[in-house]
Amino acid sequence: MKLAATFVTIFLALLAALWIAFVRAPPPHEVCQRKADILRAEAGGEHGEAVERLLDQYRLGCRKQAEALLQLRGKLVYARHAKCVMAARTLADAERCG
């Protein structure tokens, strides 16, 4: 009985570690905020009201796209995409993330 309990405990710990390593990802709004931050940094020092409105529209479209990716392709594909975007340094790198 102790052996079975030990096996189940080890199995659950392994399952949790795999979940954290492969499936856990930042939510769509954080991913889109990261893209918007990169876009703002690449745009330079010009941060007018029009630029902020464009960034708001960009975030909204990005969020819808990320949520669709999550629903249509699944958590594993979304997690890979989100981790790639969060690691990107340029907008071109972020857009290349599958």
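The values are calculated or read from the model by the stated rules, or taken from the named source; none is laboratory data. Keep in mind the model is a prediction, meaning the values are calculated, not measured. Virtual Cβ from ideal backbone geometry, glycine too; neighbours counted across all protein chains shown.
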Q. What pairs can you find where one residue is in region 17-31 and under 11 Å from M86 (Cβ atoms) and modelled with pLDDT of 75 or more, the other is among the β-branched types (V, I, T) and in a helix (DSSP H, G or I), and their Cβ atoms are less than 6 Å apart, with a gap of 6+ or different chains?
A. V31/V85
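Inspect all residues belonging to region 79-96 and state whether any of them is among the aliphatic types (A, V, I, L, M), outside any helix (DSSP H, G or I) and out of contact with any His (no Cβ under 8 Å at 6 or more places or on another chain).
Within region 79-96, the first condition is being among the aliphatic types (A, V, I, L, M), and the residues that meet it are 79, 82, 85-88, 91-92, 94.
Retained after the next criterion (residues that are outside any helix (DSSP H, G or I)): 88.
Next, only the ones that are out of contact with any His (no Cβ under 8 Å at 6 or more places or on another chain) stay: 88.
The answer is yes, given that some residue of region 79-96 is among the aliphatic types (A, V, I, L, M), outside any helix (DSSP H, G or I) and out of contact with any His (no Cβ under 8 Å at 6 or more places or on another chain).
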Q | Residue count for region 53-79, restricted to those that are in contact (Cβ under 8 Å) with a residue 24 or more places away in the chain and basic (K, R) | A | 3
